[in-house]
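Just below is one structure, and these are the notes that go with it.
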Amino acid sequence: MNCRRTALAIVFAVAFGASSASAASLTVNSNTLTTFHTCVLTAISSTSTVNFDSFVNQASAAQNNGTTTTMTVNSSGTSKNTRTYIQFDLTQCAPHVPASAAIRAATVRLYATAIPSTCRTQYIFPVTAAWTELGIKWNTQVTAWQTTNVPATAGATSSMSIGTGCATNNAANNYVTGWNVTTDVQGFVNGTGTNNGWMVRDGTEDSATAANSTYASSEQTGGALKGPQLWIDYTT
């Protein structure tokens, strides 16, 4: 976990006299004090701040992949789709993110070790039921989600493009960007939503051509920082 406070902004009002300014004319209103924070949660091996990360495989619906070093989002033929699941423990942020915090931005980042040969759109959805890293399988997902192209993309939190030919996220061995989960994290923090993490799937499953992305999981090794990340900027 790498959490840090990036800035402390103090907003103040200065009252000037008609003819001159003096120290006596300075007033500070405590109601205008705003503190800015950034929390970065990164999953790396045994020190992971991710509760769970795994992927599910439609072609092996009863198989769990919670201990693999990579995760995939794949759409390459009928009933051969894979999806990635991730969940972060927000209590690992230091300082603790209070329920009253305003989430200014929250982004999920995954390290891509392989990208599709064509530009694809991948959607991120808040998971609607509890799951575990060693228990999640295609056939233990939310029942309705065990159908191809469900949930519908209209219910996604956000999406991003990845693959050869895309304007961004077009090279392997980099963190991909674009999954904006600000609204979800705000709900997790203030209690209007339940933090069951997220699921990422291709925008069009059962693709006629191979469309595979491979991401480093929290089990990845080698020392380099490649684990799943959640970046949160917030104010208190």
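Taking a ≥ b ≥ c as the square roots of the eigenvalues of the Cα gyration tensor, region 143-187 is oblate, since a/c reaches 1.5 or more and a/b is not larger than b/c. A convex hull fitted to the Cα coordinates of region 40-235 yields 109 cubic angstrom per residue. In terms of its alpha-carbon gyration tensor, region 131-236 comes out rounded; the largest-to-smallest axis ratio a/c stays below the 1.5 threshold.
Applied to region 105-115, the Karplus parametrisation 6.51 cos²θ - 1.76 cosθ + 1.60 on θ = phi - 60° returns per-residue 3J(HN,Hα) values of 6, 9, 9, 8, 10, 10, 8, 8, 9, 8, 10 Hz, with x for Gly and Pro. Along region 192-201 the Karplus relation, 6.51 cos²θ - 1.76 cosθ + 1.60 evaluated at θ = phi - 60°, assigns HN-Hα couplings of 7, x, 9, 7, 9, x, 9, 10, 10, 9 Hz to successive residues, with x for each Gly and Pro. Rounded to the nearest Hz, the phi-derived 3J(HN,Hα) couplings of region 125-134 under the Karplus curve 6.51 cos²θ - 1.76 cosθ + 1.60 (θ = phi - 60°) are 10, x, 6, 9, 8, 5, 8, 10, 4, 9, where x marks glycine and proline.
Throughout, read-outs are computed from the coordinates displayed, never taken from laboratory work. What you see is a predicted model, and the numbers here were worked out from it, not measured in a lab.
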